[in-house]
Amino acid sequence: MKRDEFSGFFGVLVATVGSAVGLGNLWRFPYLVGQNGGAVFIFIYLAFVLVICLPIMISEFIIGRRTLSNTVKAFQILAPRTPWGAVGIVGVVAAFCIMAFYTVVGGWTLDYIFRSVIHLFSKPDITAIESQFTTLVTSPVRPILWTVIFILFSALIVMSGIKKGIEKYSRIMMPFLFLMVVILMIRSITLPGAEKGISFLVKPDFSKINTQVLLAALGQAFFSLSLGMGCMITYGSYIPKRENLTKLAFTTAMSDTLFAILAGLAIMPAVFSFGISPQEGPGLVFIVLPRIFAQIPLGNIFAVMFYLILFIAAITSAISLLEVVTAYITERLKMKRKTAVAIISALVVVCASLSSLSQGVLQDFKILGKTIFDFFDYLSANILLPLGGLSIVFFVGWFMKKSPVYDEFTNQGTLKGTLFRTYYFLIRYVAPIAIAAILVDLIVR
Ligand code: PHE
């Protein structure tokens, strides 16, 4: 049977952008910008995306499309009888760990949509808003029910396959997402006092640069572009042979960055306009924004819209995580796609329930001093992704021969490949050194 693939440039793009644009852009990026000095963080982030992450994304596409395989098999094909397959396995484990907390946050977005629809025509009670978030995340049953619904949605999409599932739904959701973020941004930048928020985002204060800011920016770039765990290897294996990988990676990285900046512009001006500190942290979109929605004209409608945006962004990323594991299981165990997705989803429900409970009743159960939720988050984003990224650049830059890499980069010599030398230099020297720096920092700290 012919392997499923995306239908063309736009089809691949909506899927890769769908994977990249997620809670990382709308929830993590704005609060990191707030905590790390505003514009200066954005500048560094942009530089890292261009010189480190873009080459890694191209490398992941190359590995995937060269082998037309899931992330584990891909390494085994390119490096038979070596332990390189382990990099793929670690990627599958990372995908699973990310799902275990990502789907919980996905569940919260559903709860917020539900509640903002119910309150669409009533006057929200500002004092109650603060406590709502804590009540939700600490309760034992409600967030788990929403998480299960979220996982169910993701499973149904992935069960339908690449073209008829992932691509089809991304085609519908991504343009809608873009439109909604733009509308929300316009609302935010036209609030009185929004200028302070805008200048916070565009006027860099270079004296704020320190290693912590550098590392936060690099980690965020990895997470936001879905790199270092085989997600882009798996999607790469569904890219038709005629598509230009560099162009795809560039467009994906730029779109993801555009979304992050739009999200910053949708959130920061509102935050400043209401005199709230930008350093609020992870609660920014769940605690601070509802307070703002409660006070602006048509706020109820913008609230529904915002949580719908979060949900769409989260689900198109969740399906890419689920696909990493699904591709591996179906191809490894020769299992039917639907069966594989059902089994994996059931396992995710178990782990996600534990991480949801760890916000409330299981609060005191700690792994290495962290709650289950924080443990999954920390292990995947701070350890597994950078390790995966480092392994991938070593693999493509030093282990693979140059000619297959060049072949895939230029579609067997049919593209000019003017940028190949720059790409190869970045992948061999710049990226490994930069990533090694994060890992060293992690160990010393
Ligand atoms: N990139 C996604 C986001 O920004 C998260 C993600 C990470 C998805 C790794 C897939 C793989 O929310």
### Query
Are there chymotrypsin sites (Phe, Trp or Tyr not before Pro) in the range 393-436 that DSSP puts in a loop and that have at most 11 other Cβ atoms within 10 Å, and which ones?
none
### Approximate spin-label separation Ser277-Thr339, in nm, with each point projected 7 Å along Cα-to-Cβ
5.5 nm
### Message
Of the candidates Pro269, Pro83, Pro404, which one comes out as most mobile in a Gaussian network treatment of the chain with C-alpha springs shorter than 10 Å?
### Response
Pro83
### Task
Give me the percent of the accessible area of the range 4-136 that comes from carbon and sulfur atoms, probe 1.4 Å, all protein chains in place.
71 percent
### Query
Given springs between every Cα pair under 10 Å in a Gaussian network model of the chain, which of Gly388, Gly283, Gly230 has the largest fluctuation?
Gly283
### With every protein chain in place, the range 326-445: carbon and sulfur % of accessible area (1.4 Å)
67 percent
### Query
In nm, to one decimal, how far is the Val444 label point from the Val182 one, both placed 7 Å along Cα→Cβ?
4.6 nm
### Message
Using the Cα centre of the range 177-321 as the reference point, and only Cβ charges (+1 on K/R, -1 on D/E), how large is the resulting charge dipole? Debye, rounded to the nearest 20.
### Response
180 debye
### Query
Among Leu215, Leu379, Leu298, whose mean-square fluctuation peaks in a Gaussian network model of the chain (Cα, cutoff 10 Å)?
Leu298
### Task
Would you mind working out the accessible area per residue for the range 97-215, using a 1.4 Å probe, and quoting it in Å²?
50 Å²
### Task
Please give the peptides 355-365, 217-227 ranked by average Cβ packing (other Cβ atoms within 10 Å per residue), highest first, as a rough proxy for protection.
217-227, 355-365
#### Entry: Surface accessible to a 1.4 Å probe, per residue, for the residues of the range 302-416, Å²
43 Å²
### Message
Using DSSP to call loops (not H, G, I, E or B), can you name the trypsin sites (Lys or Arg not before Pro) in the range 27-101 whose Cβ has at most 16 other Cβ atoms within 10 angstrom?
### Response
Arg81
### Query
Per residue and in Å³, how big is the convex hull formed by the alpha-carbon atoms of the range 271-398?
190 Å³
#### Entry: Of every Cα-Cα pair in the range 67-141, the percent that sits beyond 21 Å
54 percent
### Message
If N is the number of residues in the chain, what value comes out of its Cα radius of gyration divided by 2.2 N^0.38 Å?
### Response
0.95
#### Entry: Candidate aspartates and glutamates - alpha carbon under 14 Å from Lys338, same-chain residues fewer than 8 apart omitted
Glu323
### Summary
Among the DSSP H helices of the chain, those whose Cα atoms extend at least 18 Å along the helix axis and whose mean Kyte-Doolittle hydropathy is 1.0 or higher are 85-118, 142-159, 168-189, 211-224, 245-273, 299-333, 337-357, 431-444
### Message
So for the range 363-413, considering every pair of alpha-carbon atoms, how many percent are separated by more than 15 Å?
### Response
63 percent
### Query
What does the helix-only formula give at 222 nm for the chain: each DSSP H stretch with n ≥ 4 adding -39500 (n - 2.57), the total divided by the residues, and the result rounded to the nearest 500 deg cm²/dmol?
-22000 deg cm²/dmol
### Query
Which trypsin sites (Lys or Arg not before Pro) from the range 375-438 combine a DSSP loop assignment with at most 13 other Cβ atoms within 10 Å?
Lys401, Lys416
### Straight-distance crosslink candidates among lysines, where the alpha carbon sits under 23 Å from Lys247 and sequence neighbours closer than 8 are dropped
Lys163, Lys168, Lys401, Lys402, Lys416
### Query
How far, in nm, would the chain grow between Leu368 and Ser7 when pulled straight, counting 0.36 nm per residue and subtracting the alpha carbon separation?
125.5 nm
### Query
When ligands, DNA and RNA are left out and all protein chains stay put, how many square angstrom of accessible area per residue does the range 9-72 have with a 1.4 Å probe?
18 Å²
## Note on the structure
For the range 240-345, the dipole about the Cα centre with charges only on Cβ (Lys and Arg +1, Asp and Glu -1), to the nearest 20 debye, works out at 600 debye
### the range 215-291, accessible surface, carbon-and-sulfur percent (1.4 angstrom probe)
63 percent
### Message
Give me the percent relative contact order of the chain, please, defined on Cα pairs under 8 angstrom at least 6 residues apart.
### Response
35 percent
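The values are calculated or read from the model by the stated rules, or taken from the named source; none is laboratory data. The shown structure was predicted, so the numbers you read here are calculated from the model rather than taken from an experiment. Here Cβ is always computed from backbone atoms with ideal geometry, including for glycine, and neighbour counts include all displayed protein chains. Heavy atoms of the whole protein, side chains included, go into the accessibility calculation; ligands, DNA and RNA do not. Shrake-Rupley method; radii C 1.70, N 1.55, O 1.52, S 1.80 Å.
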